[in-house]
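Contents: one structure, followed by commentary.
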Amino acid sequence: MPLVRYRKVVILGYRSVGKTSLAHQFVEGEFLEGYDPTVENTYSKIVTLGKDEFHLHLVDTAGQDEYSILPYSFIIGVHGYVLVYSVTSQHSFQVIESLYQKLHEGHGKTRLPVVLVGNKADLSPAREVQAVEGKKLAESWGATFMESSARENQLTQGIFTKVIQEIARVENSYSQE
Ligand code: GDP
């Protein structure tokens with residue numbers, strides 16, 4: 001029987017960037033139309049990657065801004081992060097930079113398994129953040145960058161597969177030190 005590994009992943013970002021829509025698309029396979037400000041919600045899904053099985057526990061948060069104080073529950077026992085901004089909001093991109101700094105400090109400035117997501121890429125006429133900006137920011141953290149649309153299942157699945165791979169990559173880099 002394969003070993004099922006537990007992975008806790010927290011989704012963070014400014015409000016209305018699509019955190020709930022991405023989590024819902026990933027777990028339920030459908031796009032949620034309409035705005036539902038989340039208080040905090042958790043989802044569980046078994047993800048198979050090659051021969052490995054992962055029990056992915058996702059925490060969809062209420063949304064933060066640059067003044068938010070992150071609770072310990074977003075730091076302790078968390079394996080990885082999906083940081084989401086909307087490509088249609090420069091402000092949501094700025095908020096992500098400050099959230100990352102808080103996480104980085106909360107984890108004692110160790111390398112963090114992070115996937116940075118520029119969501120709502122389907123709304124390109126309203127774009128305020130270019131893909132190259134997201135890519136550059138993720139590179140400065142040694143993290144992975146993706147643009148997505150919660151309307152598209154394939155792209156959304158890719159985010160959560162990637163965060164599991166990032167967790168493994170960061171764990172391996174420590175075990176080789
Ligand atoms: P959250 O507050 O970050 O969890 O954001 P929600 O998931 O509630 O989404 C906020 C609004 O944006 C909702 O009306 C969603 O239908 C919409 N939305 C979310 N993701 C996308 C996307 O990728 N493309 C488009 N066009 N709309 C999206």
Global geometry of the range 38-177, whether rounded, prolate or oblate, following the gyration tensor of its Cα atoms and the 1.5 cut on a/c: rounded
For the range 80-90, Karplus couplings with θ = phi - 60° (6.51, -1.76, 1.60), whole Hz, Gly/Pro x: x, 10, 10, 9, 10, 10, 9, 5, 8, 9, 4
Filtered chymotrypsin sites (Phe, Trp or Tyr not before Pro), the range 23-128: DSSP coil and at most 14 other beta carbons within 10 Å: 35, 67
Cβ-based net charge around residue 54, under 12 Å, with every Lys or Arg adding one and every Asp or Glu removing one: +3
Expected 222 nm ellipticity per residue - DSSP helices of 4 or more, -39500 (n - 2.57), all of the chain, to 500: -11500 deg cm²/dmol
Beta bridges per DSSP with both ends in the chain, % antiparallel, nearest 5: 30 percent
Selection of trypsin sites (Lys or Arg not before Pro), the range 86-177, meeting DSSP coil and at most 12 other Cβ within 10 Å: 109
Proxy reagent accessibility, fewest Cβ within 10 Å first, across 86, 73: 73, 86
Least to most buried among 17, 47 (fewest other Cβ within 10 Å first): 47, 17
DSSP-defined antiparallel bridges as percent of all bridges, the range 1-104, nearest 5: 45 percent
For the range 50-64, Karplus couplings with θ = phi - 60° (6.51, -1.76, 1.60), whole Hz, Gly/Pro x: x, 8, 9, 10, 10, 8, 8, 10, 9, 10, 9, 9, 6, x, 10
Alpha-carbon centroid distance for the pair the range 136-173 / the range 61-100, whole angstrom: 15 Å
For the range 74-133, size of Cβ-based charge dipole, Lys and Arg +1, Asp and Glu -1, in debye: 160 debye
Backbone HN-Hα couplings from phi across the range 66-72 [Karplus 6.51/-1.76/1.60, Hz, Gly and Pro as x]: 5, 9, 5, 9, 7, x, 4
FRET efficiency estimate (nearest 0.05) - Cβ-Cβ, residue 66 to residue 127, R0 35 angstrom: 0.95
Rg/Rh ratio calculated on Cα atoms of the range 4-70 (Kirkwood radius): 1.02
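All of the numbers you see were taken from the coordinates with simple rules; none came from a lab. No experiment lies behind these values; they were computed from the predicted model shown. As a convention, Cβ positions derive from the backbone with ideal geometry for all residues, glycine included, and neighbour counts pool all protein chains shown.
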